[in-house]
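Asks: There's a structure below that I have some questions on.
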Amino acid sequence: MSELRHILYVEDDPDIREVAEMALSAVGGFRVTPCESGIAALEALRAEHPDIVLLDVMMPGMDGPTTLEAIRSDPATAHLPVVFVTAKIQRHEVEEYTALGAVDVIAKPFDPMTLSSQVQAIWDSLA
């Protein structure tokens, strides 16, 4: 598997989005494309071609599971690893997310200082 360089981060809360973007770029050295909604993410995927998608579960309009379904149904993006970032991390919820096609789940609130290493570890586990 190639080196992880580019992350699409989908989060409707602007403060969380900004913290994650700064953590992933400043601490992790990743290129980050932030998106505020599932719709914006689907548009960005066509133009940006990220290596991995970090996706909020609870969003107005198109939620994370619906966004993941759209990603998986498009042959151009179906292969992308998607990680849910959510406070909903009970065992049955995590099992539901992986059944939907997520490769992993990162718990909110996340530690900005370790977020990039968490994402890198998930990426490395896919190799």
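Asks: Filter segment 75-107 for residues that are surrounded by 14 or more Cβ atoms within 10 Å (Cβ to Cβ), farther than 20 Å from SER2 by Cβ and of a type in the set (D, E, K, R) and give the result.
Replies: Residues satisfying the conditions are LYS88, GLU93, GLU96.
Asks: Name the residues in segment 45-58 that are over 13 Å from the mean Cα position of the chain (by Cα) and touching a residue at least 12 places away in the same chain (Cβ under 8 Å), would you?
Replies: Going residue by residue through segment 45-58, those that are over 13 Å from the mean Cα position of the chain (by Cα) are 46-49.
Once the filter is applied, which keeps residues that are over 13 Å from the mean Cα position of the chain (by Cα) and touching a residue at least 12 places away in the same chain (Cβ under 8 Å), segment 45-58 yields ARG46, GLU48, HIS49.
Asks: Only residues that are of a type in the set (Phe, Trp, Tyr) and farther than 12 Å from LEU55 by Cα: list them for segment 1-36, please. Step through it out loud before you land on a result.
Replies: Step one: filter segment 1-36 for residues of a type in the set (Phe, Trp, Tyr), giving 9, 30.
Once the filter is applied, which keeps residues that are of a type in the set (Phe, Trp, Tyr) and farther than 12 Å from LEU55 by Cα, segment 1-36 yields only PHE30.
Asks: Please work out which one of (1) closer than 25 Å to SER2 by Cβ; (2) surrounded by 15 or more Cβ atoms within 10 Å (Cβ to Cβ) is the condition ASP56 fails and give its number.
Replies: Exception for ASP56: condition (1).
Asks: Okay, moving on. Mind listing whichever residues of segment 32-47 are farther than 18 Å from LYS108 by Cα and surrounded by 14 or more Cβ atoms within 10 Å (Cβ to Cβ)?
Replies: Narrowing segment 32-47 to residues farther than 18 Å from LYS108 by Cα: 32-33, 38-47.
The answer is VAL32, THR33, GLY38, ILE39, ALA40, ALA41, LEU42, ALA44, LEU45.
Asks: Any idea which of (1) surrounded by 15 or more Cβ atoms within 10 Å (Cβ to Cβ); (2) in contact (Cβ under 8 Å) with a residue 24 or more places away in the chain is the one ARG17 doesn't satisfy?
Replies: (2)
Where a number appears in this text, it was derived from the coordinates with a stated rule and is not lab data. The structure presented is a predicted model; accordingly, all values stated were derived computationally and were not measured. Cβ coordinates were reconstructed from backbone atoms using ideal geometry, including for glycine residues, and neighbour counts include every protein chain displayed.
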